[in-house]
Amino acid sequence: MSLYFISHPACLEHRTPAHHPERPERLSAIDDQLITSGLGMWLDHREAPRVTREQLLRVHDAAYLDEIAGLRPGPDETLCIDGGDTYVSAGSLEAASRAAGAVVHGVDLVMGDARNVAFCSVRPPGHHAGRDRAMGFCLYNNIAVGAAHALEAHGLERVAIADFDVHHGNGTDDIFLHEPRVLLCSTFQHPYYPHAGAEDRHGAPRVNVPLPAGTRGAAYRAAVSERWLPALDAFRPQLLLISAGFDGHLEDDMAGFGLVEADYEWVTRELRGIAERHAGGRIVSVLEGGYALSALGRSVVAHLKALL
């Protein structure tokens with residue numbers, strides 16, 4: 001068996017200021033580990049297409065898309081667009097278009113082919129982007145675009161999103177708050193950026209699992225086993241999407257979890273079991289966070305091996 005590995009060189013052209021953690025070397029670190037591990041021979045490499053405006057409008061407001069499209073930074077310029085840490089450069093719009101387009105392409109591939117697993121190695125990440133704002137390094141909400149495409153273009157009735165990034169996917173949560181066809185399961189450090197996810201909200205089904213700083217493998221696995229897996233089995237998703245953030249790794253100083261590659265392999269195997277029971281094995285996984293380069297590359301390899 002092999003899996004689709006979807007990326008695009010344009011994703012390297014999204015530039016951020018010096019010492020910014022979300023940098024092009026993240027994708028290079030993944031590629032290096034794929035070569036070192038020998039995993040590359042099991043991957044069917046595909047080039048990410050551009051997302052269409054119609055696909056973006058399913059989850060983003062038109063005025064926001066116009067605002068992003070109207071930004072014109074110079075060749076060596078980076079513009080902060082959220083008053084915090086989200087930047088755009090001359091290559092950012094193309095990179096973001098390919099990142100969101102990768103997820104749409106992944107959904108189309110796994111819905112139409114016996115090879116039923118795809119991984120999108122893309123940047124900028126997406127799960128903090130809301131309907132009308134950029135946030136937390138994210139411009140377009142890549143996984144939300146893919147989920148909405150699965151619902152509208154493929155007529156699915158139940159799509160699940162599992163988000164194991166160390167930060168809560170607040171943008172994804174907000175976009176699908178009133179969409180009962182989408183189940184979002186999220187584990188995240190709390191209290192911590194973006195300071196969301198732990199509050200009670202009335203809307204579509206949610207399994208938000210806030211965990212304290214210092215959470216390590218045993219506690220993390222127990223939380224997933226007790227909270228995520230029963231809900232996912234009950235929901236019976238026809239497609240499983242994964243917001244695959246690896247910034248909870250012990251070596252990653254972005255937050256305070258203590259996960260290691262074996263933990264990411266374990267959670268991926270459990271999610272693979274859900275997909276096999278209910279979704280014909282169909283999974284599209286999308287890179288979110290992960291900023292310690294070596295740990296990121298090793299964790300993605302563990303994730304892909306478990307997907308295989």
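The values are calculated or read from the model by the stated rules, or taken from the named source; none is laboratory data. The model shown is predicted, which means the values in this text are computed figures rather than measured ones. Cβ sites come from the backbone with ideal geometry, for glycine too, and all protein chains shown count toward neighbours. Surface areas here come from the heavy atoms of the whole protein model, side chains and all, with no ligands, DNA or RNA. Shrake-Rupley method; radii C 1.70, N 1.55, O 1.52, S 1.80 Å.
For the stretch 175-308, report the convex hull volume of the alpha-carbon atoms normalised per residue, in Å³, without decimals. Write down the numbers at each step before the final one.
Working: hull volume 13.4 nm³, N = 134.
Enclosed volume per residue, from the Cα hull, is 100 Å³.
Which of GLY106, GLY280, GLY245 moves the most in a Gaussian network model of the chain with Cα springs under 10 Å?
The residue that fluctuates most here is GLY280.
Obtain the nm distance between the two label points defined at ASP31 and ARG277 by a simple spin-label model: each point lies 7 Å from its Cα along the Cα-to-C-beta direction.
3.9 nm
Which whole number in µm²/s is D for the stretch 231-287 by Stokes-Einstein, with the Kirkwood Rh taken over Cα pairs at 10 °C and 1.306 mPa s?
In µm²/s, the coefficient is 129.
Using +1 at the C-beta of Lys and Arg and -1 at the C-beta of Asp and Glu, which of PRO230, VAL267, PHE257 has the Cα lying farthest in the positive direction of the dipole of the stretch 227-270?
PRO230
Treating the beta-carbon of each Lys and Arg as +1 and of each Asp and Glu as -1, no other charges, what is the dipole magnitude of the chain about its Cα centre, to the nearest 20 debye? Before the final figure, lay out each step's value.
Working: 27 positive and 40 negative charges, 152 e Å.
It comes to approximately 740 debye.
Relative contact order of the chain, please, whole-number percent, based on alpha carbon pairs below 8 angstrom and at least 6 residues apart.
Numbers: 714 pairs, mean separation 61.6, N = 308.
Reported relative contact order: 20 percent.
How big, on average over all directions, is the shadow cast by the Cα convex hull of the stretch 37-88, in nm²? Walk me through the numbers before you get to the answer.
Working: hull surface 27.1 nm².
Reported value for the Cα convex hull: 6.8 nm².
Explain nothing, just the number: dipole magnitude of the stretch 170-230 about its Cα centre with +1 on each Lys and Arg Cβ and -1 on each Asp and Glu Cβ, in debye rounded to the nearest 20. List each step's numbers first, then the result.
On the way: 6 positive and 6 negative charges, 52 e Å.
Computed charge dipole of the stretch 170-230: roughly 240 debye.
Have a look at SER28, PRO49, PRO73 and report the one farthest towards the positive end of the charge dipole of the stretch 21-77, computed about the Cα centre with Cβ charges (Lys/Arg +1, Asp/Glu -1).
Farthest towards the positive end: PRO49.
Using only DSSP helix segments of four residues or longer, with each worth -39500 (n - 2.57), what per-residue ellipticity at 222 nm results for the chain after dividing by its residue count and rounding to 500?
Working: 10 runs with 112 residues, N = 308.
Dividing the helical sum by the residues of the chain leaves -11000 deg cm²/dmol.
Based on DSSP, what percent of beta bridges with both residues in the chain are antiparallel, to the nearest 5?
Numbers: 3 of 38 bridges.
Percentage antiparallel, nearest 5: 10.
Per residue and in cubic angstrom, what volume does the convex hull of the Cα atoms of the stretch 1-110 have?
Values: hull volume 12.8 nm³, N = 110.
Normalising the Cα hull of the stretch 1-110 by residue number yields 116 Å³.
Assuming R0 = 30 Å, can you tell me the calculated FRET efficiency for the pair GLU54 and ASP82, based on Cβ-Cβ distance, to the nearest 0.05? Write out the running numbers ahead of the final one.
Numbers: r = 25 Å, r/R0 = 0.84.
Efficiency, from the Cβ-Cβ distance: 0.75.
In Å², and per residue, what accessible area does the chain have when probed at 1.4 Å with the other protein chains present? Each step should come with its number before you reach the end.
Details: 11490 Å² over 308 residues.
Ligands and nucleic acids excluded, the result is 37 Å² per residue.
Please give the solvent-accessible surface of LEU232 in Å², to the nearest 10, using a probe radius of 1.4 Å with every protein chain present.
Number for this one is 0 Å².
In percent, how large is the relative contact order of the stretch 114-251, given Cα pairs closer than 8 Å and 6 or more residues apart? Provide the component values of the computation, followed by the final result.
Values: 237 pairs, mean separation 35.1, N = 138.
The normalised contact order for the stretch 114-251 reaches 25 percent.
Rounded to a whole number, what is D in µm²/s for the stretch 35-186 from Stokes-Einstein with the Kirkwood radius over alpha-carbon pairs (4 °C, 1.567 mPa s)? Please list the in-between numbers first.
Details: Rh = 16.1 Å.
Answer, rounded: 80 µm²/s.
For the stretch 64-191, calculate the relative contact order in percent as a whole number, restricting contacts to Cα pairs under 8 Å that are 6 or more residues apart.
On the way: 204 pairs, mean separation 25.3, N = 128.
Averaging sequence separation for qualifying contacts and normalising by length gives 20 percent for the stretch 64-191.
Can you check what the Kirkwood hydrodynamic radius comes to for the chain, Cα pairs only, in Å to one decimal? If you can, show how the numbers build up before the last one.
On the way: mean 1/r = 0.0532 Å⁻¹.
Computed over Cα pairs of the chain, the Kirkwood hydrodynamic radius comes out at 18.8 Å.
With N residues in the stretch 106-197, what two-decimal value do you get for its Cα radius of gyration over 2.2 N^0.38 Å? Each step should come with its number before you reach the end.
Values: Rg = 13.4 Å, N = 92, 2.2 N^0.38 = 12.3 Å.
Computed over Cα atoms of the stretch 106-197, the ratio equals 1.09.
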